[in-house]
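No lab work stands behind these numbers, since they all come straight from the coordinates. Since the structure is predicted, the reported quantities are computational estimates derived from the model, not experimental observations. With ideal geometry, Cβ positions are generated from the backbone for all residues, glycine too; neighbour counts draw on all protein chains shown.
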Amino acid sequence: MSTDTVDEVAAEGSDVLRITDLNVRFATDSGTVNAVEDVSLEVGDREVVAIVGESGSGKSVTARSILGLLSDTASEHGAVVLRSHSGGETTDVVGLSSSRLRRIRGADAAMVFQEPSTTLNPVFTVGWQIAEGLRAHGKYSRAELRRRSVEMLKLVGIPDPEHRVNDYPHQFSGGQKQRIVIAMALSLNPGLIIADEPTTALDVTVQAEILGLLRRCREEMGASIILITHNMGVVADPSDRVVVMYQGRIVESNEVHELFAHPQHEYTKALLAAVPRIGRHPVREVVDQDGDPVVTARDLRIEYPGRLGRPGFQAVRGIDLELRPGEVLGLVGESGSGKTTIGRAIAGLTPVSGGSLTVLGHEMLGIRERRFRSARRDLGFVFQDPASSFDPQLTIGDCIAEPLVVHGVFRDVAAARGRVEELLAEVQLPGEYADRYPHELSGGQRQRVSLARAISLDPTLLIADEPTSALDVSVQAKVLDLFRTLQDRLHFACLFITHDLGVVDQVAHRVAVLHEGRVVEVGTTRRVLTSPEDAYTKRLVAAIPVPDPSEQAHRRMRAVAESS
């Protein structure tokens with residue numbers, strides 16, 4: 001970009017960032033991939049701009065180009081003009097040297113990455129990692145670095161920051177780790193914060209807190225924010241403008257209220273329609289209400305033993321539950337509530353400490369694997385992250401055929417090929433996908449394969465542990481539609497574990513709400529979600545994002561009034 005053009009942008013003075021005709025291409029073994037094409041956008045002073053689109057739309061590539069974080073295989077054309085923190089100069093980031101980029105990163109613009117667990121270094125304290133950015137941009141005493149780190153932890157709402165500054169990442173919850181990553185981004189008080197999917201897979205209440213924290217960054221620190229997400233419900237409240245990307249291009253851009261009220265592009269309309277909304281789906285009726293329960297828990301207790309002389313942790317504290325034949329029971333609650341622990345205990349993967357848990361006629365308290373092995377044929381499991389549940393060296397066909405071979409239905413994978421193709425058809429995938437490998441499929445396709453494997457033995461009971469938490473909302477909607485269709489036809493009982501009440505509304509007949517290892521409310525899905533009785537359930541329902549900026553703002557103000 002010429003110096004004259006940069007000076008013209010600087011003269012306007014109101015834009016923290018101006019991207020003009022950005023094109024990004026990646027060189028791959030199979031040819032050139034056009035990831036971003038002719039993208040132009042601006043971010044004004046103290047403005048929150050949301051870039052929305054599904055996986056592969058180019059939103060994260062656009063964001064990474066602002067800080068020169070693209071891989072060596074990428075080639076860029078166009079201009080990405082960033083205003084300095086002081087506001088005195090502007091710089092075209094495209095083509096900058098590594099040393100110039102290092103001076104910009106953290107000081108003029110900072111990135112909040114999607115997955116804090118991979119962003120944070122497990123061998124250093126969080127205080128050391130917050131101070132790392134300060135050390136890279138100046139000379140500070142140890143006391144000054146510690147004071148600033150404590151200040152940042154306090155700013156983002158970490159309790160007891162004076163002591164927790166010495167803790168390591170594994171000692172924090174998922175939401176707290178995301179707050180720490182935001183603290184790292186704020187340490188040098190940058191003028192622009194780029195938040196790349198900062199709420200994906202977080203509990204709805206934690207998600208609301210993170211969005212509130214980003215809003216405070218704008219209000220209290222004067223930062224401009226780019227919020228990248230695939231969920232239109234997330235952007236409704238904090239954003240001033242919304243930019244919609246599809247297949248590397250901007251297909252629509254408008255002020256947030258206008259875009260939500262009058263979307264123009266069909267893709268924008270589809271994203272809005274895919275956001276889960278309570279009460280939009282018909283009430284589901286259980287087919288078989290007379291049979292004996294598939295799962296019965298009475299005063300169920302599960303405790304993890306302590307280590308190094310520390311007392312054990314009681315994850316499940318005396319719950320009573322029933323799961324009937326042909327029923328989908330939604331088990332909801334925040335991280336740490338015990339829902340996954342219950343699912344693993346039902347699957348025989350976590351031992352029961354006390355009370356009673358009966359699964360498919362087997363008492364799980366004190367049971368040995370040899371006795372439960374015969375019941376495993378009647379039990380399917382859909383994991384949260386299918387990519388980690390598949391062997392990357394096996395084809396999709398091998399992965400689906402594995403339980404069929406293990407349980408003696410077929411003698412080998414080749415003999416099971418016909419059944420594998422039938423199962424792929426059940427989940428609406430072509431039979432030739434059997435010859436592909438897991439990394440060659442999208443997230444939604446892998447989750448369909450995971451579902452095909454789970455139903456391969458016609459199970460009586462299926463456990464689905466957060467099966468849609470990391471999927472794009474439109475892909476999530478398709479997977480949930482598929483799940484409903486299969487469950488209506490095959491009539492398997494299902495424990496559907498999730499933190500998203502909007503998802504539960506689409507698939508579950510009944511809902512049990514967990515809080516700190518206890519069931520605080522249970523009932524039909526429609527009753528629990530529309531007329532919750534417990535205060536915790538009410539808080540979960542109130543935190544569900546809806547694609548309506550006015551409603552979201554009203555909710556936020558009501559929550560502030562109630563807490564004051």
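Brief remarks follow.
- Cα-based Lys pair tally, the chain, threshold under 20 Å, eight or more apart or on separate chains: 4
- Cα gyration tensor category, rounded, prolate or oblate, for region 193-253 with a/c compared to 1.5: oblate
- Between D290 and E363, the FRET efficiency estimated from the beta carbon spacing at R0 = 25 angstrom works out to 0.65.
- Extension gain from S117 to T28, taking 0.36 nm per residue of separation minus the Cα-Cα distance: 29.2 nm
- Exposed-loop-free span, longest in the chain, where GluC sites (Glu not before Pro) count as exposed if DSSP calls them loop and at most 13 other C-beta atoms lie within 10 Å: 286-532
- Secondary-structure-derived ellipticity at 222 nm for the chain, considering helices only, amounts to -10500 deg cm²/dmol, per-run term -39500 (n - 2.57) for DSSP H runs with n ≥ 4.
- Theoretical FRET efficiency, 1/(1+(r/R0)^6), r = Cβ-Cβ of A559 and R280, R0 25 Å, to 0.05: 0.60
- This model, with +1 at the C-beta of Lys and Arg and -1 at the C-beta of Asp and Glu, gives the chain a dipole about its Cα centre of some 1860 debye.
- Peptides 277-284, 176-183 ranked from most to least packed, by the mean per-residue count of other Cβ atoms within 10 Å: 176-183, 277-284.
- Convex hull volume of region 244-297 per residue (C-alpha atoms, cubic angstrom): 190
- Projecting the Cα atoms of A136, M111, V156 onto the dipole axis of region 111-156, where Lys and Arg carry +1 and Asp and Glu carry -1 at the beta carbon, places A136 farthest toward the positive end.
- Two-decimal log10 I(q)/I(0) for region 239-364, as the Debye equation yields it once each C-alpha is a single scatterer, q = 0.10, 0.11, 0.13, 0.20 Å⁻¹: -0.60, -0.66, -0.74, -1.10
- Each principal axis of the Cα atoms in region 114-189 has its own extent, and those three values, largest first, are 31, 23, 23 angstrom.
- Anisotropy class of the chain from Cα gyration tensor, a/c 1.5 cut: prolate
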